[in-house]
Amino acid sequence: MAPLDCAGLGASAPARRSRGAARRAALVVRLRAKRLLRDARRRTAWGRVYRITSYLDSALWTVPLLAIVMVLITVPLLRRINRYLDWDWFSFAPAGAQALYQTVITLTLSFLVFTFGSLLVAIQVAGGQLTPRIIATILLRNNVVRYSVGLFVFALMFAVMALNRQDAPVSQLVAFVIAILAIACIADFLFLIDYAARLLRPVSVVARVGDAGVDMIRTVYPAPSGGAALTATPLRDALGPPLATVSYAGTPGIVLAVDLGALVAIARRHGNVIEFVPHIGDFIADDDPLFTLYGNVTNVDERALRATVAVGAERTLEQDPMFAFRILVDIALKALSPAINDPTTAVVALDQIHRLLRLLGKRHLRGEVLCDATGAPRLIFRTPNWEDYVQVACREIRACGGGNLQVARRLRAMLDDLLRSLPAERHPAVREERRLLDVTIEASFELPEDRALAVIADSQGLGGANAGDPSRRTT
């Protein structure tokens, strides 16, 4: 009679060891498959989640919607607390409570109508005078405006629900909370008028753009200056021609951000090198090349690659410090246009451009090649270099405003300070811009006196150059 073999009983020792190794191998395969599936799901959802998050950050309706949800939770809870405590400190009569509720409803409705109407007009005017790119990136993301509107909506819905459930024994706690909300809404409305007036001034707008640019520079370029950046040309020469190209498939739009960690992980898993073809901020449409693959291209999931890219309708500041420069330059160019002719606003924009360039010049600008944990190159991701940033910051403003005394003097002050404060490897691009500024001044000013005044560096544009130089003061 043959021996029974139940899970290896009665089998020889080598056979049992073989079956145990097979079970362990199968378990390892299942665990790896689950991990790969989880990673694939995460990568597939990344681009979609990023787009939704970016939209919600600039949406004005999210906070008021949450306020309505909070009202639906708060009012019944306060009624129960009032019944439990039997609070009767203020002794609101039914008629007085009803009048209070109706007054708050009228008050908050008026605040909402005035706030939305005036803000929409003011935002459009500011967008026309400065640049429309500040609307979604700066103004609609302002939390003071969003939470003020949320407070008005909360008070309005709170009063409506309280009036709807009004009965003979007035809920004293609910009435007290509504009275506090009314006072808070009045104070917030008065504050919002003053805040909005200050928010839409050019100096406030460019300062907020500058703050956002500083945050992005510190996020994208966290390391201080030093060391050579890895370029893609030697790597491409070593790898040879690409073996496959992954094209974009989806709604046309602007490249907002890329999940770099996921791309490096995919390249390491397949043992190849991935090149991301467009830049952050580029417009892409169907069939535009999105990735080129070098090395092993078998079993590469194109859908997972596309899911690492977030595409939207409008350029944002996330992963894109260059966009902060673009906004500030656009504000300066609009101010220098003949229709507006406001060189002082251009000087204010140059103050923030100077701030960003000085910070950026002291950072290590990431190279085009990203490596994995072992040091092997895995991703070619092109980013702007120092020369790109300097040209965007200076060329158009010099071309449009080099013939203006304020702009020429402020540009020279910026370039001279960058030469003093930045490492030597940053100097060639700055010296080239200063040489072009000299040429522009020579061609723009006919009078020798104007040329002599235009070549003086002045951090204020006009009026500040002589303050620190006693030899140049006159009485």
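The values are calculated or read from the model by the stated rules, or taken from the named source; none is laboratory data. Note that the coordinates shown come from a computational prediction; the quantities given were computed from them, not determined experimentally. Every residue, glycine among them, receives a Cβ derived from its backbone with ideal geometry; neighbour counts consider all protein chains shown. Heads up: the accessible areas ignore ligands, DNA and RNA and are worked out on the full protein's heavy atoms, side chains in. Shrake-Rupley method; radii C 1.70, N 1.55, O 1.52, S 1.80 Å.
The relative contact order of region 197-332 comes to 34 percent, based on Cα pairs under 8 Å that sit 6 or more residues apart.
For Ile254, neighbours were defined as the other residues whose beta-carbon sits under 13 Å from its Cβ, and their charges (Lys and Arg +1, Asp and Glu -1) total -1.
Hey, rough spin-label estimate for Tyr195 and Glu442, points 7 angstrom out along Cα→Cβ, what's it come to in nanometres? Modelled inter-label distance: 5.3 nm. Taken along the Cα-to-beta-carbon direction at a fixed 7 Å, the label points for Ile68 and Arg395 span 4.9 nm.
Just round it to a whole percent: the fraction of Cα-Cα distances in region 250-292 exceeding 11 Å. Numbers along the way, then the final one.
On the way: 623 of 903 pairs.
Of the Cα pairs, 69 percent sit more than 11 Å apart.
Rg ratio for region 320-360: its Cα radius of gyration over 2.2 N^0.38 Å, N being its residue count, equals 1.17. Annotation: for a label point projected 7 angstrom from Cα along Cα→Cβ of Val49, residues of region 305-320 with backbone N closer than 17 Å are 305-311.
In loop segments of region 104-213 as defined by DSSP, the trypsin sites (Lys or Arg not before Pro) with at most 12 further C-beta atoms inside 10 Å of their C-beta are Arg165.
Taking all protein chains as they are arranged and a probe of 1.4 Å, the heavy atoms of Leu199 leave approximately 10 Å² accessible to solvent. Label-to-label distance, Ala207 versus Asp417, with points set 7 angstrom from Cα along the beta-carbon direction: 1.6 nm. For Thr103, the solvent-accessible surface computed with a 1.4 Å probe is close to 80 Å², ligands and nucleic acids excluded.
Starting from 0.36 nm per residue, how many nanometres of slack lie between Gln98 and Gln124 once their C-alpha separation is accounted for?
Values: separation 26, 0.36 × 26 = 9.36 nm, distance 3.93 nm.
Between Gln98 and Gln124, full extension yields an extra 5.4 nm.
The charge dipole of region 284-401, taken about the Cα centre with unit charges on the Cβ atoms of Lys, Arg (+1) and Asp, Glu (-1), comes to about 540 debye, rounded to the nearest 20.
Enter the mean projected area of the convex hull around the alpha-carbon atoms of region 93-246, in nm², rounded to one decimal. Before the final figure, lay out the partial values.
Working: hull surface 66.7 nm².
Over every viewing direction, the Cα hull of region 93-246 projects on average to 16.7 nm².
Net charge of the neighbourhood of Leu200, taken over other residues with C-beta under 13 Å away and scored Lys/Arg +1, Asp/Glu -1, is +2. Could you work out the local net charge near His354, counting Lys and Arg as +1, Asp and Glu as -1, over the other residues with Cβ closer than 10 Å to its Cβ? With Lys, Arg at +1 and Asp, Glu at -1, the net is +1. Placing +1 on the Cβ of every Lys and Arg and -1 on the Cβ of every Asp and Glu, with no other charges, gives region 227-351 a dipole of roughly 300 debye about its Cα centre. Each principal axis of region 285-366 carries a Cα extent, and these read 59, 33, 17 Å when sorted largest first.
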